[in-house]
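Here's the structure, in structure tokens; my notes come after.
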Amino acid sequence: MELRVLRYFLTVAMEENITHAAEILHVTQPTLSRQLAQLEADLGVTLFRRGNHRITLTEEGQLLRCRAREILELADKAEAELTHMDQVVTGTIAIGCGETGSIRYLADTMADFRKKYPRVSFEIYSAIADDVSTRMDRGLLDFGLLMEPVDISKYNFVHMPYQEQYRLLVRKDDPMAGQEAVTPEDLEGMDILMPRRLSVRNVFENWFGLIYGTLKLPATINLSLYNTIALVRAGVGKGITPLDVGFSPDLRAIPLAPELVVGSVMAWKKNQQQPRPVSLFAEFLQERAKEYTAGVSK
């Protein structure tokens, strides 16, 4: 498969029309149709369902769309890295991160790094730790800000200096809103909005103990405090979040008891030749971590 043909394929998949796609790509319609037919022949599958005015992807086409995006993203990234190797430090650092208060520390680090290397930019990809790790392994992300628990055996990493405490998010009119803390027994049989990550749910299963089996789980959420807030406000269930963001007056975030504290790490792949901006940022992170640790120990 040629990269050029993959770009043709993605454009057609987006436009759902050969004529429109040909205009965007500045090729003739017969040429584009011939390239797509050859791609299908090479792969031995049908990628499109062709209608009179619209074409759509088959199941095989949907799979190729997903993989083609990753392939082209990697190709573009490699081209940019090779182009800038012998120049002043410049390029893009791709970072994946979830919703964690440690993003404030990371943001300060990024700002300080750009004071030293102003031609370096950052690309932020938001997702849960499992998805970020997968994209790091595929080479689509340079770093991951990962909320624990997470397997970091295959990464270099630094611990973020902040830890966050899980809280129960309820409406102000909830009977629990006046409590100073919430125990597992308080939540027996309740509707709880649970994080989607299996490793995080295992942590909560241990925290709840036997009470976990009594919980009703009306929804799981992979990412977005905004979504959790919306569901809590609608009365779908009580939310669980490690973030303390100064919630609006109609909500109350109550600490769990015993407390449940979570940390996060900034990770990058081991034993891998990195573009210069990436290696410099890794060194910058490590130096800042040492400075922070030295300051705390004084």
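The values are calculated or read from the model by the stated rules, or taken from the named source; none is laboratory data. Being a predicted model, the structure only gives us computed values, none of them experimental. Cβ sites come from the backbone with ideal geometry, for glycine too, and all protein chains shown count toward neighbours. Accessible surface is based on the protein model in full, side chains and every heavy atom, while ligands, DNA and RNA are left aside. Shrake-Rupley method; radii C 1.70, N 1.55, O 1.52, S 1.80 Å.
Listing for the model above:
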| item | result |
| --- | --- |
| Selected residue (only one of E60, E70, E99 is at pLDDT below 90, open to solvent by 50 Å² or more (accessible area, probe 1.4 Å) and of a type in the set (D, E, K, R)) | E99 |
| Qualifying residue in segment 55-73 (condition: part of a helix (DSSP H, G or I) and among the hydroxyl-bearing types (S, T, Y)) | no |
| Number of positions in segment 269-296 that are surrounded by fewer than 12 Cβ atoms within 10 Å (Cβ to Cβ) and touching a helix residue (DSSP H, G or I) at 6+ places or on another chain (Cβ under 8 Å) | 0 |
| Residue within segment 221-235 that is more than 25 Å from D173 (Cβ to Cβ), in contact (Cβ under 8 Å) with a residue 60 or more places away in the chain and either of a type in the set (D, E) or in contact with a Ser or Thr (Cβ under 8 Å, 6 or more places away or on another chain) (or both) present | yes |
| Segment 242-298, subset more than 30 Å from L193 (Cα to Cα) and part of a strand (DSSP E or B), residue nearest to the chain's Cα centre (by Cα) | W268 |
| Which numbered condition A181 fails, given (1) under 18 Å from D244 (Cα atoms); (2) surrounded by fewer than 18 Cβ atoms within 10 Å (Cβ to Cβ); (3) at pLDDT below 95 | (3) |
| Residue tally, condition under 16 Å from R69 (Cα atoms) and aliphatic (A, V, I, L, M), over segment 1-38 | 8 |
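Residue-by-condition table, conditions (1) surrounded by fewer than 14 Cβ atoms within 10 Å (Cβ to Cβ); (2) assigned to a loop (DSSP other than H, G, I, E, B); (3) in contact (Cβ under 8 Å) with a residue 40 or more places away in the chain:
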site	(1), (2), (3)
V158	no, no, yes
Y162	yes, yes, yes
V170	no, no, yes
V203	no, no, yes
L210	yes, no, no
